[in-house]
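The values are calculated or read from the model by the stated rules, or taken from the named source; none is laboratory data. The structure displayed is predicted, hence computed values, not measured ones. Cβ sites come from the backbone with ideal geometry, for glycine too, and all protein chains shown count toward neighbours. Just the protein is used for accessible areas: all its heavy atoms, side chains included, with ligands, DNA and RNA removed. Shrake-Rupley method; radii C 1.70, N 1.55, O 1.52, S 1.80 Å.
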Amino acid sequence: MSGLRSWLARRLLAGVAQTAAVVVLVFALTEALPGDAAVALAGDQPDPARIAAIRETMELDRPAAVRLLDWATGLLHGDLGTSLVSGRPVSTYVSDGFGPTLLLAALTLLLLVPVGVGLGVLAARHVGRWPDRVISSVTLGVYAVPEFALGTLLVTVFALRLGWFPPTAVGYGGDLSGHPAALVLPVLVLLSRPVCSLSRLVRAGMIDALAAPYTAQARRYGVGGARVLLAHALPNAVAPAAQQLARTVDWLLCGVIVVEALFVFPGLGTVLMNAVAERDVPVVQGLAVVFGVLTVVLNLGADLVARRLTPRAEVAA
């Protein structure tokens, strides 16, 4: 337990340092964006005097170091800032977009874990035979297709030609849980690549685990094949897949911009795109910090799960 506590303390300190680095990097990158909200609000034919007045009203004329210090101080108190365009708190943008994105992520994960792990175990049990070759070929082929191309193909076939599903989420509002048909195509697109990478990771881990000395020893003691597979080999195969799963959750929760743009889905990715288009820097910064903190927390959780499943392995961040 003392070793686990020491490791956890080191990882928490590293997570705090990473979060602080994210705050500084996000501020520096948004400062480097061309133009600002004052230019966007000034219209198509901006007057320099009007731009200067708007910039002064928004306090954009203050030194960058002062604005960074004020913003970081607000973050410590849970204040993500205020939108320059609408005057609304950035936290409302996050809460508005988080629900639809979380719904997509939850449905994708609900299918991803059993399908990905099941395909990987099936391929490993029949390694070198036709089930393994079929699964490996199909997953490699699907993984090679970009999300926007697959999404366009699915919309063309199943929405426009067959009319089975709506092509976009337009007209359904923010609550999409009552309209499952609008979720089918986005979830299929989101599921396509992660299920391929997860199944291939589980397959490789299962092959290594089944060839390890401890599984051979278990067989010599008369342990059944199913128990060897599920109780001995699978936990060691799932350990590296846990980090891949954490990266997938991070990718889903932080807003899959391509998929949300393709299906006009009102999630965090759409909120971020609109904020960038309007040069609404506080919204961009607030979302980026939320994404960064989620990444740090999810990777810490994945490292902890992997270490728990394989205590002797030192899992890198």
> Heavy-atom accessible area per residue, the stretch 79-129, 1.4 Å probe: how many Å²?
Replying inline: 47 Å²
> What is the extension gain from residue 10 to residue 67, computed as 0.36 nm multiplied by their sequence separation minus the C-alpha to C-alpha distance, in nm to one decimal?
Replying inline: 17.4 nm
> Which residues' amide hydrogens lie under 5 Å from the amide hydrogen of residue 82, considering only partners 5 or more residues apart or on another chain, with H built in the peptide plane?
Replying inline: 90
> Using θ = phi - 60° and the Karplus form 6.51 cos²θ - 1.76 cosθ + 1.60, what ³J(HN,Hα) does each residue of the stretch 87-95 get, whole Hz, x for Gly and Pro?
Replying inline: x, 7, x, 4, 4, 6, 5, 5, 5
> Where in the stretch 78-104 does the label zone of residue 181 land, with the point 7 angstrom along Cα→C-beta and an amide N cut-off under 20 Å?
Replying inline: 104
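Hey, got a sec? Which trypsin sites (Lys or Arg not before Pro) in the stretch 95-173 land in a DSSP loop and have at most 13 other Cβ atoms within 10 Å?
Numbers: sites: 125, 129, 133, 161; in loops: 129.
Here the sparse-neighbourhood loop sites are 129.
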>> Given a 1.4 angstrom probe, I'd like the percentage of the accessible area of the stretch 86-157 that is carbon and sulfur, rounded to a whole number.
In response: 76 percent
